[in-house]
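Beneath this line is the structure, given in structure tokens, with notes to follow.
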Amino acid sequence: MASSYSTDLKLELMVTGENAGTWGDITNTNLNILQQAIGGYQEVSIAGGAQTTALVFSNGVISNGKNAVIKLTGAITGNQIVTIPDGIEKTYIIYNGTTGAFTVQIKTVSGTGPTFATTDKGFKSVFSDATNIVDVPLGVPGGSNTQVQFNNSGSFGGSANLVWDGTNLVLDTEGALRLGDNTGSAYVGLKAPATITSDTAYTLVLPVATGTANQVIQTDGSGNLSFATVSGGAAWQAVKTSGFTAVAKQGYFCDTTSSAFTATLPASATIGDFITFIDYAGTFDTNNLTIGRNGHKIQGDASDLTVSVERAGLTLVYVDATQGWLLETK
């Protein structure tokens, strides 16, 4: 009696006494086919226009339709159909590795099966029940309260207020971001105000480091946050004995004992910036301190300020381009 072939993988089924001298070769071929079915990978090109490509199941030999994983390749210019023969039971992982915005359907010759959408270049886990190809969805999101879950429309947990827009996780309609404590009974929440001025959205960018003790977070006016030290007045600097450029919110002891010199104001300033100068050695009357305006007015005047009073102490506060730096104390 001649050999027959199995229904699904087309293994050669030998009868007793048959194939003397070739039994080993046929057995090895059968084992290789089984290996294909269990872990085999095959790339199958379906390049071209609309067409049907049949996966091959030849009797007693290795053939592409018997593999466990099939990657479909090639540039497609029309909708494609890939078929396996009717009557075969088989599982697959199918990877749509083609290029081109066209559909690719996986089906039996006479039955039905799932379709990759025009932009779907992903994977499908499928099986043939001998009549149709059945899709087994991959990566189905969990539904428990311990998992991050998005539905097909990008909503989180079925909520339209928390969505993934492809780049950002968006929490809308004054929803709060809640950070719970270790018992789960209390939390700290962050949320947007009811109305944002002029409906202008903005983003706050956190500092790159943790800062130091007792510092506070400040903004540069463009949403970039940083840590800054809070003080009740100027940050006092070491005694100055020669010309220098002053920095806003700092105080300077100026010693003109050896010679007069110039303290230059900052090139840029904003309302509320202040700088304090003090006559360290009581010599401003003999060797004057000049305060260079550096492009800004002082007391509304476009000229430098000369300080010639012994033991003088003064604070300049910036207001605007019209008046510039004004004397707070004299």
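If you check residue 175 against the conditions, is it of a type in the set (Gly, Ala, Ser) and surrounded by fewer than 10 Cβ atoms within 10 Å (Cβ to Cβ)?
Criteria not met by residue 175.
Kindly provide the set of residues from the stretch 237-255 that are of a type in the set (Val, Ile, Thr) and assigned to a loop (DSSP other than H, G, I, E, B), ordered by number.
239, 241, 247, listed by residue number.
Scan 99, 131 and give me the residue that is of a type in the set (S, T, N, Q), in the same structural domain as residue 78 (by TED's automatic domain parsing), modelled with pLDDT of 70 or more and within 27 Å of the chain's Cα centre (by Cα).
One residue alone meets the criteria, 99.
From the set of residues in the stretch 76-90 that are touching a Gly at 6+ places or on another chain (Cβ under 7 Å) and crowded, with 18+ Cβ neighbours inside 10 Å, which is farthest from residue 117 (Cα to Cα)?
Among those that are touching a Gly at 6+ places or on another chain (Cβ under 7 Å) and crowded, with 18+ Cβ neighbours inside 10 Å, it is 84.
Could you please find all residues in the stretch 239-257 being under 17 Å from residue 282 (Cα atoms), of a type in the set (Gly, Ala, Ser) and crowded, with 16+ Cβ neighbours inside 10 Å?
251
Quick check on my filter: what residues within the stretch 287-330 are among the β-branched types (Val, Ile, Thr) and under 17 Å from residue 252 (Cβ atoms)?
Matches in the stretch 287-330: 290, 291, 298, 306, 307, 309, 315, 317, 329.
Let me confirm something: among 65, 78, 39, 60, which residue is assigned by TED's automatic domain parsing to the domain that holds residue 9, over 19 Å from residue 9 (Cα atoms) and not charged (D, E, K, R)?
78
Considering the stretch 81-96 alone, what residues qualify as being over 12 Å from residue 42 (Cα atoms) and either within 35 Å of the chain's Cα centre (by Cα) or among the aliphatic types (A, V, I, L, M) (or both)?
Matches in the stretch 81-96: 81, 82, 84, 88, 96.
Pull up the stretch 91-125, narrow it to residues that are touching a Gly at 6+ places or on another chain (Cβ under 7 Å) and assigned to a strand (DSSP E or B), then point me to the one that is farthest from residue 36 (Cα to Cα).
Within the stretch 91-125, the match that is farthest from residue 36 (Cα to Cα) is 105.
Which of the residues belonging to the stretch 212-227 are touching a Phe, Trp or Tyr at 6+ places or on another chain (Cβ under 7 Å) and either aromatic (Phe, Trp, Tyr) or surrounded by 14 or more Cβ atoms within 10 Å (Cβ to Cβ) (or both)?
215, the sole residue that qualifies.
If you go through the stretch 38-53 one residue at a time, do you hit one that is more than 15 Å from residue 83 (Cβ to Cβ), acidic (Asp, Glu) and at pLDDT 90 or above?
Checked against the condition, which is being more than 15 Å from residue 83 (Cβ to Cβ), acidic (Asp, Glu) and at pLDDT 90 or above, the stretch 38-53 yields at least one hit.
Of all the residues that make up the stretch 39-75, how many are in a loop (DSSP other than H, G, I, E, B), buried (at least 17 other Cβ atoms within 10 Å of the Cβ) and of a type outside the set (Gly, Ala, Ser)?
Selection size over the stretch 39-75: 4.
All but one of (1) exposed (fewer than 12 other Cβ atoms within 10 Å of the Cβ); (2) over 30 Å from residue 290 (Cα atoms); (3) hydrophobic (A, V, I, L, M, F, W, C); (4) modelled with pLDDT under 80 hold for residue 230; which doesn't?
Every listed condition holds for residue 230 apart from (2).
Taking residue 29 as the residue in question, decide whether it is surrounded by 12 or more Cβ atoms within 10 Å (Cβ to Cβ) and part of a loop (DSSP other than H, G, I, E, B).
No; evaluated as a whole, the condition is false for this residue.
Determine, yes or no, whether residue 253 is without any contact (Cβ under 8 Å) to a residue 40 or more places away in the chain, of a type in the set (Phe, Trp, Tyr) and more than 25 Å from residue 323 (Cβ to Cβ).
yes
Among the listed residues 102, 116, identify the single one that is more than 30 Å from residue 26 (Cα to Cα), without any contact (Cβ under 8 Å) to a residue 24 or more places away in the chain and of a type in the set (A, V, I, L, M, F, W, C).
116 is the lone residue from the list that is more than 30 Å from residue 26 (Cα to Cα), without any contact (Cβ under 8 Å) to a residue 24 or more places away in the chain and of a type in the set (A, V, I, L, M, F, W, C).
With the structure loaded, tell me whether residue 272 is modelled with pLDDT under 95 and at positive phi or whether it fails that test.
yes
List the number of the failed condition for residue 268; all other conditions in (1) part of a loop (DSSP other than H, G, I, E, B); (2) surrounded by 15 or more Cβ atoms within 10 Å (Cβ to Cβ) hold.
(2)
Of all the residues that make up the stretch 207-222, how many are in contact with a strand residue (DSSP E or B) (Cβ under 6 Å, 6 or more places away or on another chain) and within 21 Å of residue 192 (Cβ to Cβ)?
So the count comes out to 4.
The values are calculated or read from the model by the stated rules, or taken from the named source; none is laboratory data. Predicted model only: the values in this text are computed from it and were never measured. Cβ atoms come from the backbone with ideal geometry, glycine included; neighbour counts cover every protein chain shown.
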